[in-house]
Amino acid sequence: MKKVINTGSAPAPIGPYSQAIAAGNFIFVSGQIALDPSTGEIISENIKAETKQVMENIRAVLSEAGVDFNNIVKTSIFLTDMQSFAQVNEVYGTYFTDQFPARETIQVAALPKNVNVEISVIAIKS
């Protein structure tokens with residue numbers, strides 16, 4: 001059994017997908033980009049600001065699902081330039097206190113709306 005998770009506090013999907021799906025105790029959050037949900041504009045002043053907006057969008061979706069960053073078990077980070085890794089990692093790391101989730105970081109040729117970073121997560125309700 002699956003349940004669609006949707007919140008106005010995160011950007012609306014820009015294609016045929018849901019912000020997240022709850023299935024059993026798992027929450028699968030679709031890749032989030034640096035779209036500001038209140039303006040619909042891309043935050044692109046620098047990679048740190050972009051990453052912060054991505055993480056805030058993830059926070060909003062997780063909150064709607066009744067969980068938070070402590071519930072994340074797996075993260076996938078997609079970057080258009082691996083040279084941004086350290087700056088993305090610096091911002092990403094501030095959202096966790098300990099017991100970091102499993103993760104991979106992958107460089108890709110392009111991302112939706114020409115953003116520089118996209119992050120998806122899998123969380124579990126405890």
Residue ID - nearest to Asp68 (Cα to Cα), chosen from residues in segment 35-57 that are surrounded by 16 or more Cβ atoms within 10 Å (Cβ to Cβ) and among the charged types (D, E, K, R): Glu56
Selection from segment 4-28 of residues that are loosely packed, with under 13 Cβ neighbours inside 10 Å and farther than 22 Å from Gly40 by Cα: Ala23, Gly24, Asn25
Failed item in (1) modelled with pLDDT under 95; (2) touching a Pro at 6+ places or on another chain (Cβ under 8 Å); (3) surrounded by 14 or more Cβ atoms within 10 Å (Cβ to Cβ), with Gln32 passing the rest: (1)
Residue ID - surrounded by the fewest Cβ atoms within 10 Å (Cβ to Cβ), chosen from residues in segment 108-126 that are closer than 16 Å to Gln32 by Cα and among the polar types (S, T, N, Q): Asn114
Residue list for segment 47-64, filter: in contact (Cβ under 8 Å) with a residue 12 or more places away in the chain and under 16 Å from Glu90 (Cβ atoms): Ile47, Lys48, Ala49, Glu50, Thr51, Lys52, Gln53, Val54, Met55
Which numbered condition Ser76 misses (of (1) more than 23 Å from Ala23 (Cβ to Cβ); (2) at pLDDT 95 or above; (3) not β-branched (Val, Ile, Thr)): (1)
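The values are calculated or read from the model by the stated rules, or taken from the named source; none is laboratory data. Because the structure is a prediction, the values reported are computed rather than measured. Please note: Cβ atoms are built from the backbone with ideal geometry, for glycine as well, and neighbour counts cover all protein chains shown.
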